Structure formats: structure tokens, C-alpha cells
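The values are calculated or read from the model by the stated rules, or taken from the named source; none is laboratory data. Predicted model, so just to flag it, every value in this text is computed and none were measured. Cβ: placed from backbone, ideal geometry, glycine included. Neighbour counts: every protein chain shown.
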Amino acid sequence: MSNNLKEHGLSVTISSLAAMIPVLAAGWFILQPLMLQSMSAAMAEDIAEQIDEHAEPMQNAFKIILKLDIDKLKRSIKMLEFREEHQPEGWFAEHAELLADNEIELEGLEAAYDALD
């Protein structure tokens with residue numbers, strides 16, 4: 001009878017373990033996407049930090065270039081305005097078009113500079 005009880009206990013244990021396999025597999029398939037998602041979020045954050053770290057010097061250089069272009073256009077506009085006021089006899093339609101184009105370009109460059117801040 002003892003042997004029969006041991007065999008029955010062994011059979012129950014094996015049956016219980018066999019029944020747990022689908023439960024463990026289902027648990028793994030449920031937890032795996034959650035683990036990957038948390039790892040992906042951490043990796044995305046790390047990559048974003050690295051991009052910000054490397055992009056900052058380039059952004060600063062671009063701001064310097066934009067500032068130089070803005071200053072150059074402002075000087076050109078002032079020069080054209082001075083010429084319009086003090087030398088009206090030499091002021092032609094091409095000068096007025098150049099002045100208008102420079103003012104439009106200046107607005108665009110200033111907007112780009114402000115967007116970088």
C-alpha cells in the first residue's frame with residue numbers, strides 16, 4: 001500500500017508540474033512584452049540624452065552662424081535705408097526690391113534663431 005501511495009504521489013506531482021507548463025508559458029508571454037517595453041523606454045531615454053549631448057555644440061555653432069548672417073543683413077538694410085534717405089537720385093527700383101528682400105530674409109533668420117532658443 002505504501003508503494004501504491006508513493007506512486008500515486010509521484011503521479012500527482014508530475015501531473016501538477018505538467019499542468020504548470022502552460023501557465024508558466026502564458027506568464028512568460030505576458031511578461032516578456034512588458035520587460036521589453038521597459039527596456040525600450042530606458043534605451044530611448046538614453047539615446048535621447050546622447051543626441052542632446054552631441055547636438056548642443058552643433059546647435060550653438062548654427063546659432064553663431066545665424067547671428068552673423070542677421071548682423072550682416074541688418075547692416076545691409078541700414079546701408080540701403082541710408083542711401084534711400086540721403087541719395088534719392090541714385091535710388092532705383094532694384095534697390096527697393098533688394099531692401100524688401102533683405103527685410104523678408106531678416107525676418108526668417110530671426111525666426112530661425114528664436115526657434116533655436
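Restricting to the range 74-117, what's the tally of residues that are more than 30 Å from D52 (Cα to Cα) and part of a helix (DSSP H, G or I)?
Total satisfying the criteria: 28.
When you look at Q87, is it surrounded by 10 or more Cβ atoms within 10 Å (Cβ to Cβ) and modelled with pLDDT under 85, yes or no?
no
Restricting to the range 41-70, name every residue that is surrounded by 11 or more Cβ atoms within 10 Å (Cβ to Cβ) and charged (D, E, K, R).
Selection gives K63, K67, D69.
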